1. Which of the residues spanning region 175-200 are assigned to a loop (DSSP other than H, G, I, E, B) and touching a strand residue (DSSP E or B) at 6+ places or on another chain (Cβ under 7 Å)?
2. Quick one: what pairs do we get from region 149-174, first residue in contact (Cβ under 8 Å) with a residue 24 or more places away in the chain, second assigned to a strand (DSSP E or B) and loosely packed, with under 14 Cβ neighbours inside 10 Å, C-beta under 6 Å, 6+ apart or different chains?
3. Quick check on region 138-148. Is at least one of its residues assigned to a strand (DSSP E or B), under 26 Å from residue 126 (Cα atoms), within 17 Å of the chain's Cα centre (by Cα) and at pLDDT below 95?
4. Out of region 36-56, which residues are touching a helix residue (DSSP H, G or I) at 6+ places or on another chain (Cβ under 9 Å) and outside any helix (DSSP H, G or I)?
5. Looking at region 98-108, which of the residues that are out of contact with any strand residue (DSSP E or B) (no Cβ under 9 Å at 6 or more places or on another chain) and in contact (Cβ under 8 Å) with a residue 24 or more places away in the chain is surrounded by the most Cβ atoms within 10 Å (Cβ to Cβ)?
6. Could you tell me which numbered condition residue 25 fails, if it satisfies all but one of (1) under 19 Å from residue 112 (Cα atoms); (2) surrounded by fewer than 19 Cβ atoms within 10 Å (Cβ to Cβ); (3) in contact with a strand residue (DSSP E or B) (Cβ under 7 Å, 6 or more places away or on another chain); (4) in contact (Cβ under 8 Å) with a residue 40 or more places away in the chain?
C-alpha cells in the first residue's frame, strides 16, 4: 500500500513515519508535503492508496487539499491534535481520523479498515458537502451512512431508530433499512444531541418517532415497532423523556 503524509510539523511527520515502520503493515510512504499546493500536487501525481492528512496546514486546512483533488479514489485519514476540533463533523460525514499523539493500536485498526474500503470509490465531494451543510444547518443535520457497497446521505430527522447487529448497526428509515459498518456506541455518541435515546444495549431511538411508553417496559414507535427498555437504562430513559415534555 502506498501512502503520503500531509503534515506541516516536522516532528509529527517523523513520529508518523516511525509508527508506520513499527506496526509493519507494508505501508510504503512515497511522499510528504507540508502545505496545500504541494499536497494537492503530490496526491494528484502519485495517486496513493492512503493519505494521512493534517487538519491545520500552512495557509489553509486539509479540507482545502481535498477540494483540489482530481479523481482520487484512495482513502483519506485526517490527523488532528485537537480532540474538540470537528470530531463530530468527521463522524457525521464518515471521514476517518486519528488524534495526535497517534496511538499505534488505533493507527493499525484505522489502516486495516482503510484497506477494506479502498476499492469502493469514496465520494469525498459528498462528505465535504455534509460538513458544510451541518455547519449552517444544525437543526437539519445530515449524516453519511456507509453500507457494504455504498454511502448514503440521510437527514437525521428521517432516522426512526437504530438497532445493533454485532459490530454493525441497522438504521431504520421511513422507507428503507441500511446496515452500516460501525457499532451502535459510535452512533449513540453523535446522535445523543439530536433527540436520540439509548433505551437498551442494542437499541437507539429517535424521540420524535416515539408514540408512547408501555407499562411493560417497551417503547412503542410510530411505525408500530416495540423497542425494549432495559432495567439499567430505565431511569435515564425516563429522565430524557421527561425533559422533552
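1. Listed by number, the residues that qualify are 181, 182, 183, 195.
2. Listed by first residue and then by second, the contacts come to nothing, as the list is empty.
3. yes
4. Passing the criteria: 48, 49, 50, 51, 52, 53, 54, 55, 56.
5. Checked region 98-108; the qualifying residue surrounded by the most Cβ atoms within 10 Å (Cβ to Cβ) is 108.
6. It is condition (3) that residue 25 fails.
Okay, residues lined up against (1) in contact with a strand residue (DSSP E or B) (Cβ under 7 Å, 6 or more places away or on another chain); (2) over 19 Å from residue 28 (Cα atoms):
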residue: 63; (1), (2): no, yes
residue: 75; (1), (2): yes, no
residue: 89; (1), (2): no, yes
residue: 96; (1), (2): yes, yes
residue: 110; (1), (2): yes, no
residue: 115; (1), (2): no, no
residue: 125; (1), (2): no, yes
residue: 128; (1), (2): no, yes
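The values are calculated or read from the model by the stated rules, or taken from the named source; none is laboratory data. This structure is a prediction, so every number in the text was calculated from the model and none was measured. Note: ideal-geometry Cβ built from the backbone for every residue, glycine included; neighbour counts use all protein chains shown.
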